[in-house]
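A short worksheet on the structure shown next.
Every number here is computed from the coordinates shown, using simple stated rules; none is lab data. Just so you know, these numbers come straight off a predicted model, no measurement behind them. For neighbour counting, all protein chains shown are included, and Cβ atoms are generated from backbone atoms with ideal geometry for every residue, glycine included.
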Amino acid sequence: MEFDNQIDTIQERMKRPVFLTVLCILTFVSTGYGILSGILIGISGKPSAEFIQEQQVKTAIMADEFRSTGFLYFADVMDKLGRMQTQVFENNSLHATITVIVSIVGLFGAWLMFKGRKLGFHFYIMYSIASVAAIYLIASAVNISSFYVIVNLVFAGIFVFMYSRNLKWMK
């Protein structure tokens, strides 16, 4: 018990690493944006059929541009993103709910790490995995581009790695 108090006293004397503070602020901003956008998505309701149609046309035009320049892979990515986006619009309530819940987990994890708790790192890992995997609850796997998943996994992995550099400061 006395040993734990000594550790707490030593950690209080040690300042929070600046890098950890920067990472936490970035996470506070991004998860706060996620919570706010999830709430606004839920309040605004399902987009109109006209809006969905406009978005489908825009992605189809982009896919055709890629196709005409010979970038067939990116044309396929755009086709899948268009279909995925349509399913996200159709599952508006589920999308809003998942966005808010996942963002709250990330915010909580960052807050714990900001306060010096390693448990926050584990919550942040859960947030990172859930933020990538959540799309599979909203859209069918056939409409999800591997490019989309890989890019999101890379960014999540980079942030998990950067947070892991600060674990020695946390208890």
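Summary table
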| quantity | calculated |
| --- | --- |
| Estimated distance in nm for a label pair at SER30 and LEU167, the labels positioned 7 Å out from Cα along Cα-to-Cβ | 1.9 |
| Lysine pair number, Cα distance threshold 15 Å (strictly under), the chain, separation 8 or more or different chains | 8 |
| Region 17-164, relative contact order [Cα under 8 Å, separation at least 6], % | 28 |
| Rounded tilt (10° steps) of 49-68 against the dominant C-alpha axis of the chain | 80 |
| Selected from SER164, SER146, LEU72, residue furthest toward positive end of dipole (region 17-164; charges at beta carbon) | SER164 |
| Part-to-part distance (alpha-carbon centres) for region 119-170 and region 71-109, which is given in Å | 14 |
| Charge dipole magnitude, Cβ of K and R +1, D and E -1 - the chain, Cα centre, debye nearest 20 | 640 |
| Segment ALA141-LEU72, extension gain: residue separation times 0.36 nm, minus the distance between their alpha carbons | 22.8 nm |
| For the chain: rounded, prolate or oblate by the Cα gyration tensor [a/c cutoff 1.5] | prolate |
| Proxy reagent accessibility, fewest Cβ within 10 Å first, across HIS122, HIS95 | HIS122, HIS95 |
| Length-normalised contact order of region 95-171 in % [C-alpha pairs under 8 Å, at least 6 apart] | 33 |
